[in-house]
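Student: Got a structure for you, written out below as structure tokens; questions coming shortly.
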Amino acid sequence: MISVRVPERLSERALVLAADSPARGEGTASTGAAEAPLEGRVLLGGPLAVVLTEEFVADDSELKAFVAQEAATAVYHLVHLGLTVTAPAGRPPLHSIDLRLELTAADGAAFQPVAWSLSPRHLVTGRTAERTLSLGPSLKLLGAEVSVGSASWTTSGADGRPWLRAVRELRSDPAWEFRRVSGAELEGEHRLAAVVRTPRGSATTLGLGVTAAVRRRTGLLRKYVQELVEPLQSAVDL
């Protein structure tokens with residue numbers, strides 16, 4: 001196992017999330033007014049990718065042997081991402097946020113890239129935030145030790161629902177799902193990481209999509225979405 005320092009800063013961009021189709025019962029169609037986008041509430045950090053070479057994992061002989069064994073067919077990358085969520089005065093808090101990845105290899109690739117490992121995977125209890133990640137056997141991310149804004153935070157409500165969970169690991173369309181629960185708001189800086197397995201010799205693109213939802217006073221949820229028009233290349237080519 002080796003420890004990896006989480007980057008202090010990721011390049012951020014402010015997202016402008018357009019309103020999805022109106023929630024049932026809302027009167028936007030009758031007024032003829034377009035729903036204003038959700039602007040300035042969510043900032044996307046990264047992606048920043050680092051190739052996991054034999055030199056990178058040289059301090060762990062088992063990891064070095066694993067990378068060497070895979071080198072003929074696959075390349076592994078550690079991808080850092082972040083979401084910063086704000087809560088302007090007088091605006092309702094966000095009820096949920098989903099960050100989706102879409103990994104795509106060029107035509108003719110031996111296999112499709114996948115999210116080999118995701119972190120955090122499932123946060124249900126309070127924990128102290130750390131600034132390091134741990135890479136364990138077969139380059140799997142261990143634990144959930146990434147920064148989530150403050151020194152500690154609450155991650156579950158009285159009903160036991162997870163505050164954050166990662167879904168669709170080992171697929172090309174993984175995601176993280178944040179859900180507001182009792183005592184745990186979504187506002188703050190959230191850092192995420194993925195180990196991505198890609199086919200050697202084939203370019204891979206990383207598309208990103210973000211969905212946020214706000215609960216109205218009527219109790220109805222309204223969703224806002226931004227799909228990045230052009231798939232993003234990571235800061236270090238995948």
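Values in this text are rule-based calculations from the coordinates and carry no lab data. Every value quoted in this text rests on a predicted model; they were computed, and no experiment measured them. Note that we place each Cβ from the backbone using ideal geometry, even for glycine, and neighbour counts take in every protein chain shown.
Student: Once phi is turned into θ = phi - 60°, what whole-Hz ³J(HN,Hα) does the Karplus curve with 6.51, -1.76 and 1.60 give for every residue of the range 43-50, x standing for Gly and Pro?
Tutor: 10, 9, x, x, x, 10, 10, 10
Student: At a Förster distance of 25 Å, what's the computed FRET efficiency of GLU70 paired with SER3, Cβ-Cβ distance as r, to 0.05? Don't skip to the answer; put the middle values down first.
Tutor: Working: r = 21 Å, r/R0 = 0.85.
FRET efficiency, GLU70 to SER3: 0.75.
Student: Rounded to the nearest 0.05, what FRET efficiency do THR86 and ALA18 give with R0 = 22 Å and r taken as the Cβ-Cβ distance? Could you check?
Tutor: It comes out at approximately 0.75.
Student: In sequence order, what are the phi-derived ³J(HN,Hα) couplings for the range 74-88 according to the Karplus relation 6.51 cos²θ - 1.76 cosθ + 1.60 with θ = phi - 60°, rounded to whole Hz, with x for glycine and proline?
Tutor: Listing the rounded values in order: 9, 10, 10, 10, 9, 10, 9, 9, x, 10, 10, 10, 10, 10, x Hz.
Student: Take LEU220 and GLN112, extend 7 Å from each Cα along the Cα→Cβ direction, and tell me the distance between the two endpoints in nm.
Tutor: 3.5 nm
Student: Sorted by packing (mean other beta-carbon atoms within 10 Å per residue), highest first, where do 76-83, 200-207 land? Before the final figure, lay out the partial values.
Tutor: Working: 76-83: 23.0, 200-207: 16.8.
Top to bottom by mean Cβ count within 10 Å: 76-83, 200-207.
Student: Same structure, new question: Apply the Karplus parameterisation 6.51 cos²θ - 1.76 cosθ + 1.60, with θ equal to phi minus 60°, to every residue of the range 111-117 and state each ³J(HN,Hα) to the nearest whole Hz, in sequence, with x for glycine and proline.
Tutor: 3J(HN,Hα) across the range 111-117, in whole Hz: 7, 7, x, 9, 7, 5, 7.
Student: Near TYR76, within a Cβ-to-Cβ distance under 9 Å, what is the net charge of the other residues, with Lys and Arg +1 and Asp and Glu -1?
Tutor: Here the count lands on 0.
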